[in-house]
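Participant: Structure in structure tokens, see below.
A short reminder: the numbers here are calculations on the coordinates, not readings from a lab. Keep in mind the model is a prediction, meaning the values are calculated, not measured. In this analysis, Cβ positions are derived from the backbone assuming ideal geometry, glycine residues included, and neighbour counts consider all displayed protein chains.
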Amino acid sequence: MDEQITNELELFKEFLKKRGASKNTIDSYLSTVRLYFSRLSKIDLISLHQFRIYLIDQFRANTVNTRIFGMNQYLLFLKTQELLPEELQNFKLSSIKHQQKPFLDNVITKRDYERLKKGLKNDGNMFWYFVVRFLAATGARISELIQIKVEHIRIGCMDLYSKGGKLRRLYIPDSLQQEAQEWLKGLNRNSGFIFLNRQGNLITTRGIAIQLKSFAIRYNINPVVVYPHSFRHLFAKTFLNRFNDIALLADLMGHENIETTRIYLRKSSTEQRLIVNKVVDW
């Protein structure tokens, strides 16, 4: 990367700071511009379209759109510095639509969930046993899980409020409530958050994700399907299989739009294939 571009990146950094961008956002956008110039030598219409094609080929939709937005911010910066070619004065790279797959994959199966639970319990690893249990039996998001307190377990639910002030109640099933109370009683825990690290601080969401992958490997489960949100998917799919009320599930999951919940009506690609093989005999 030549000296001129390096200097421009420093100015771009200051431009983003003045616009109130966070450090993570600034780092992301600078990384995008560096990626651009690692592959292309100049800013023009053809090169920008080539970069967009490259992004689509290499990254997932969310990442593609983040990088496209970063590149558009760089073009805006160049325009303010009167460094943008005339043909690009009103140009923006277009984002891509995130096309939802017609199936829900990479979700832990009930069998693997039971294997994970059993392994953790047999090894006496009750803290992580309850992490997994609460994720799968309540449908909690990982950010919600770490907010659960002894007091919530005592009453069997936790009230959550969205940014718009809408109430959602996270229910703790009786069987889980009773088992968790016995565990906490043995630890002499009478109040406060239940998922704390050894230093007595709230365990991090990243720490949970990393540890779950480790347990997947230990118990011979595909690590691809073992991540925090996978258990929320398991909760939703299992709930619908046993009680087919999608409106109720949407409320339990905290979905603003019921269309978000409809993905759980879909079969996985493996399930689709089994059905096709069973049905199609012509």
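Participant: Along each of its three principal axes, how wide is the spread of alpha-carbon positions in the stretch 88-216, in whole angstrom units, largest first?
Facilitator: 67, 36, 31
Participant: Quick check: net charge around Leu135, other residues with Cβ under 12 Å of its Cβ, Lys/Arg +1 and Asp/Glu -1?
Facilitator: Values: positive: Lys117, Arg133, Arg141, Arg232; negative: Glu144.
Within the 12 Å Cβ shell, the charges total +3.
Participant: Would you calculate a helix-derived [θ] at 222 nm for the chain, using -39,500 (n - 2.57) for each DSSP H run of n ≥ 4 and dividing by the full residue count, to the nearest 500?
Facilitator: Working: 14 runs with 168 residues, N = 282.
Result for the chain: -18500 deg cm²/dmol, rounded to the nearest 500.
Participant: Also, I was wondering about something else. Could you work out the equivalent-ellipsoid semi-axes for the stretch 3-88, taking the square root of 5 times each eigenvalue of the Cα gyration tensor, largest first, in whole Å? Walk me through the numbers before you get to the answer.
Facilitator: On the way: eigenvalues 72, 56, 25 Å².
Over the Cα atoms of the stretch 3-88, the semi-axes work out to 19, 17, 11 Å.
Participant: Just the projected area, averaged over all directions, of the convex hull on the alpha carbon atoms of the stretch 36-82: how many nm²? Display every interim value, and only then the final one.
Facilitator: Values: hull surface 13.0 nm².
Averaged projected hull area, Cα only: 3.3 nm².
Participant: I've got another one for you. Hey, what did the chain get for relative contact order, percent, Cα under 8 Å, at least 6 apart?
Facilitator: Values: 253 pairs, mean separation 49.4, N = 282.
Contact order relative to length: 18 percent.
Participant: May I pose another question? Summarise the long-distance tail of P(r) for the chain by giving the % of C-alpha pairs beyond 26 Å.
Facilitator: Numbers: 23411 of 39621 pairs.
Roughly 59 percent, rounded to a whole number.
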